[in-house]
Structures are given as C-alpha cells and as structure tokens.
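> A single structure is presented below for examination.
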Amino acid sequence: MPRRVDHEERRRTILEALCRITVTGGLGAATFREVAQEAGVSVRLVQYYFGTKAELLRAANLYVAQVAGARIRRAVQRLGPDAEPRAVVRTVVEQFLPRDRERRDAMVLFYAFYTAQLTEPALAPVVAEEIPRGLAGVLATEIRRAQDRREAPAALDADKEALVLTAALPGIVSGVLVNFHSERAATKVLDYALDRIFVSSRTRPRTRAAAPRARAGG
C-alpha cells in the first residue's frame, strides 16, 4: 500500500525550515529554493502547499504566533489553578524575554515579521492585530482579578495598564537582543512595572481590630 501523506506534517516541516532560515538570515533569505533545501523537499512541493511567497510568509507568521501562544499557555498552566494574578502576569511577560534559544528565536521571528508588516500590509494583518490585542486582554483580565482580590488598587484602569505593558514589552525585549541592556536589567524593569500595578502581600493592608476607647477622665 502507498504510504499515506501527512499534509499537516509536511506543512509544518516547511514552515519550521523557513523559521530557521529567517532566524539566521532574515526573511529576505527565505526564498522558495532555500526553504525547500532546508526542509529537504522540492521547490514544487513548497509551491503546492503555499502557492506564493506572500502566502508562505502569512502561514509562517501565523505558525510562529501559534507556537508562542502554546508555550505561554503551558507556562501559565504549570502555575496551577490557584496562581495569584501577579504570578500569572509575570509568567506571561517573562516568556518574551530571550532567556533560552527557543525564546530568543521566537522574538527574532517576531521582529522579522513585525518589520515586514510595516512595508507589506497584506502580510497577515489579522495576526499582527490579534497578537497584541490578545496579550493585552489576558493581562487586563488578571489585573481585574487582582483588583477583586484587593491585590491591585481599585482606581487602576486595567485595560490601559495592560495596554501600556503590552506596548512596552517589545521595546524592553529588543533592548536585550541588541545589547542595549542585559536580561537581568530587563527583568528588573518588568518587575518595576508590575510593582506599580500589584500590591505586594507584605504591604497589603490588613484588617485590624478596633482599639478599645479610653475611659473618660482616665
């Protein structure tokens, strides 16, 4: 019997090949010929699955976002169902720091596609919009949960705080990639930002019993 072709596996093999080429040489180096050679398939097969270079790049952009999203979800799940909101937020933003090869490559790919989207509007505009919007939504939900638990000031605008953190994150991370500051310095900046949002358990106000009134004339 002829071997059954796993089309999803083939597509994934091609997309992962494009990602490896992009990490070392940028999107400009990811030609059909180079991608096919890296993936160990023919150029015709790459064209069969993706048609044009634009379609290939759109699929790769979506693939990168899906892989990063799955990694973040796994990291949050490891915290357990009773994790404090601050721990969840810190875990989420920490996944963007290039602390290992996987996360560094993910951020290089993020910037490669982000830069391409500035000059190629057709390059997965939905992905470009949904990734930061989804991140901001997750952060805002956790900030509101912290407010409900009195672990964040009630006066905070959760949506705006989440948007500020989402917008600041790429700049903080890129600083590590270009050696503007160290990973340790970036971590301290992120912790500083979280300290402005969340109330430490050590400084959280506690309910005190009312002090006995002094007797008249005592």
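The values are calculated or read from the model by the stated rules, or taken from the named source; none is laboratory data. These figures come from a predicted structure and were not determined experimentally. Heads up, the Cβs are rebuilt from the backbone with ideal geometry, glycines too, and the neighbour counts pull from every protein chain shown.
> Does the range 121-139 contain at least one residue that is more than 30 Å from residue 55 (Cα to Cα) and either at pLDDT 75 or above or of a type in the set (S, T, N, Q) (or both)? Explain how you work it out, then say what you get.
If we filter the range 121-139 for residues that are more than 30 Å from residue 55 (Cα to Cα), which is where we start, we get 139.
Next, only the ones that are either at pLDDT 75 or above or of a type in the set (S, T, N, Q) (or both) stay: 139.
Looking through the range 121-139, at least one residue is more than 30 Å from residue 55 (Cα to Cα) and either at pLDDT 75 or above or of a type in the set (S, T, N, Q) (or both).
> Let me ask something else about it. Could you pull out the residue among 130, 120, 94 that is charged (D, E, K, R) and under 15 Å from residue 65 (Cβ atoms)? Steps first, answer last, please.
Details: 120 fails: under 15 Å from residue 65 (Cβ atoms); 94 fails: under 15 Å from residue 65 (Cβ atoms).
Answer to the check: 130.
> Name the residue that is surrounded by the fewest Cβ atoms within 10 Å (Cβ to Cβ), counting only residues in the range 134-161 that are among the hydrophobic types (A, V, I, L, M, F, W, C) and under 13 Å from the mean Cα position of the chain (by Cα). Break it down into steps so the answer makes sense when it comes.
Residues of the range 134-161 among the hydrophobic types (A, V, I, L, M, F, W, C): 135-136, 138-140, 143, 146, 152, 154-156, 158.
Now narrow it down to the ones that are under 13 Å from the mean Cα position of the chain (by Cα): 135-136, 138-139.
Details: 135: 21, 136: 20, 138: 18, 139: 25.
That would be 138.
> Within the range 151-158, is even one residue in a helix (DSSP H, G or I) and either modelled with pLDDT under 90 or under 29 Å from residue 81 (Cβ atoms) (or both)?
Scanning the range 151-158, I find at least one residue that is in a helix (DSSP H, G or I) and either modelled with pLDDT under 90 or under 29 Å from residue 81 (Cβ atoms) (or both), so the answer is yes.
> Okay, next question. Picking from 84, 102, 94, which residue would you name as being among the acidic types (Asp, Glu) and over 20 Å from residue 174 (Cα atoms)? Don't jump to the end; show me each part of the working.
On the way: 102 fails: over 20 Å from residue 174 (Cα atoms); 94 fails: over 20 Å from residue 174 (Cα atoms).
When all the criteria are applied, what remains is 84.
> Take the range 17-72 and flag every residue that is touching a residue at least 40 places away in the same chain (Cβ under 8 Å), among the hydroxyl-bearing types (Ser, Thr, Tyr) and in a loop (DSSP other than H, G, I, E, B).
none
> Take residue 41 and tell me if it is hydrophobic (A, V, I, L, M, F, W, C), closer than 18 Å to residue 107 by Cβ and out of contact with any helix residue (DSSP H, G or I) (no Cβ under 6 Å at 6 or more places or on another chain).
Spelling it out, it is not the case that residue 41 is hydrophobic (A, V, I, L, M, F, W, C), closer than 18 Å to residue 107 by Cβ and out of contact with any helix residue (DSSP H, G or I) (no Cβ under 6 Å at 6 or more places or on another chain).
> In the list 62, 27, which residue meets the criterion of being surrounded by 15 or more Cβ atoms within 10 Å (Cβ to Cβ) and in the same structural domain as residue 104 (by TED's automatic domain parsing)?
None of the others qualify; the one that does is 62.
> Out of the residues in the range 73-122 that are outside any helix (DSSP H, G or I) and under 13 Å from the mean Cα position of the chain (by Cα), state the one that is farthest from residue 167 (Cα to Cα).
Step one: list which residues in the range 73-122 are outside any helix (DSSP H, G or I), which gives 78-84, 95-100, 120-122.
Still in the running and under 13 Å from the mean Cα position of the chain (by Cα): 95-98.
Details: 95: 15, 96: 13, 97: 14, 98: 17 Å.
Taking the candidates together, the pick is 98.
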